[in-house]
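The values are calculated or read from the model by the stated rules, or taken from the named source; none is laboratory data. Because the structure is predicted, anything quoted here is derived from the model rather than measured. Virtual Cβ from ideal backbone geometry, glycine too; neighbours counted across all protein chains shown.
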Amino acid sequence: GESVGLHLPTLSVQEGDNSIINCAYSNSASDYFIWYKQESGKGPQFIIDIRSNMDKRQGQRVTVLLNKTVKHLSLQIAATQPGDSAVYFCAEKAAGNKLTFGGGTRVLVKP
Amino acid sequence: DVKVTQSSRYLVKRTGEKVFLECVQDMDHENMFWYRQDPGLGLRLIYFSYDVKMKEKGDIPEGYSVSREKKERFSLILESASTNQTSMYLCASSLVQGADTEAFFGQGTRLTVV
């Protein structure tokens, strides 16, 4: 059944500081990973992806790090801005099409 | 730009009603997905489809069915709505089976069952 009232982990960060959001994934066979950002009232939006043959990938102000040994994924946001306030989800894909999502982390940017 | 459109932003239905949630994508994507999103539980996959008339169960298919008669449209059906199906429902699509590409999401339908 459903668990009602679960709270998202929340990361509070000062505007201008760097943010690090962590994600532990479950399937050692997963070979593709994505970070999504979800703003209030909207569907998740793609931020950055990484394949399992890489351990780091950089985008604009974002970096994803992959540690397959401990099945850990992180998203680093440089110089966090108010517009970065959102819920962030990691997703993993094993063989086939299915994306499995983590529970999400809420980022609150303080002015 | 890929557009995934869900027919309703908000729905209120009564217990026992049959509910249809509609989703349309405009980029000729092979794969379409229905997720539900609940606080702290992330997105959980209900059903997905990798081709017209093809469907596979996700992690929580009980109480739901789907229909994909046309490539661009994927419908989620709640045969007899119950209060524990009150949730945010998200539709997504992605390019082709097995490809490492992201899924594109609609804006979500917030369903309340009373």
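For the stretch B:1-51, taking the residues that are over 23 Å from B:ASP100 (Cβ atoms) and without any contact (Cβ under 8 Å) to a residue 24 or more places away in the chain, the one that is farthest from the chain's Cα centre (by Cα) is identified as B:GLY40.
When B:LEU45, B:LEU76, B:LEU11, B:LEU90 are checked against the criterion of being at negative phi, in contact with a Leu (Cβ under 8 Å, 6 or more places away or on another chain), of a type in the set (A, V, I, L, M) and at pLDDT below 95, B:LEU45 stands alone in meeting it.
The condition of being buried (at least 22 other Cβ atoms within 10 Å of the Cβ) and of a type outside the set (A, V, I, L, M, F, W, C) does not hold for B:GLN107. Only strands (runs of 3 or more DSSP E) whose full extent lies in chain A are considered here, and the ones with at least 2 residues that are crowded, with 18+ Cβ neighbours inside 10 Å are A:19-24, A:32-38, A:45-51, A:62-67, A:72-77, A:86-93, A:99-101, A:105-110. Here the condition is being closer than 17 Å to B:GLU102 by Cα, out of contact with any strand residue (DSSP E or B) (no Cβ under 6 Å at 6 or more places or on another chain) and away from chain B (no Cβ under 13 Å); of A:GLN81, A:GLN58, it holds for A:GLN58 alone.
For B:GLU62, indicate whether it is surrounded by fewer than 16 Cβ atoms within 10 Å (Cβ to Cβ) and assigned to a strand (DSSP E or B). It is false that B:GLU62 is surrounded by fewer than 16 Cβ atoms within 10 Å (Cβ to Cβ) and assigned to a strand (DSSP E or B). Does B:GLU56 qualify as being part of a strand (DSSP E or B), free of Cβ contacts under 8 Å to residues at least 12 places away in the same chain and surrounded by 14 or more Cβ atoms within 10 Å (Cβ to Cβ)? Yes. The residues of the stretch A:84-111 that are in contact with a Lys or Arg (Cβ under 7 Å, 6 or more places away or on another chain) and within 13 Å of chain B (Cβ to nearest Cβ), listed by number, are A:VAL87, A:TYR88, A:LEU99.
Of all residues being more than 9 Å from chain A (Cβ to nearest Cβ) and assigned to a strand (DSSP E or B) in the stretch B:29-53, which is surrounded by the most Cβ atoms within 10 Å (Cβ to Cβ)? Just the residue, please. That would be B:MET32.
Could you say which residue among A:SER3, A:SER12, A:SER19, A:SER40 is of a type in the set (Ser, Thr, Tyr) and modelled with pLDDT under 90? So the residue among A:SER3, A:SER12, A:SER19, A:SER40 that is of a type in the set (Ser, Thr, Tyr) and modelled with pLDDT under 90 is A:SER3.
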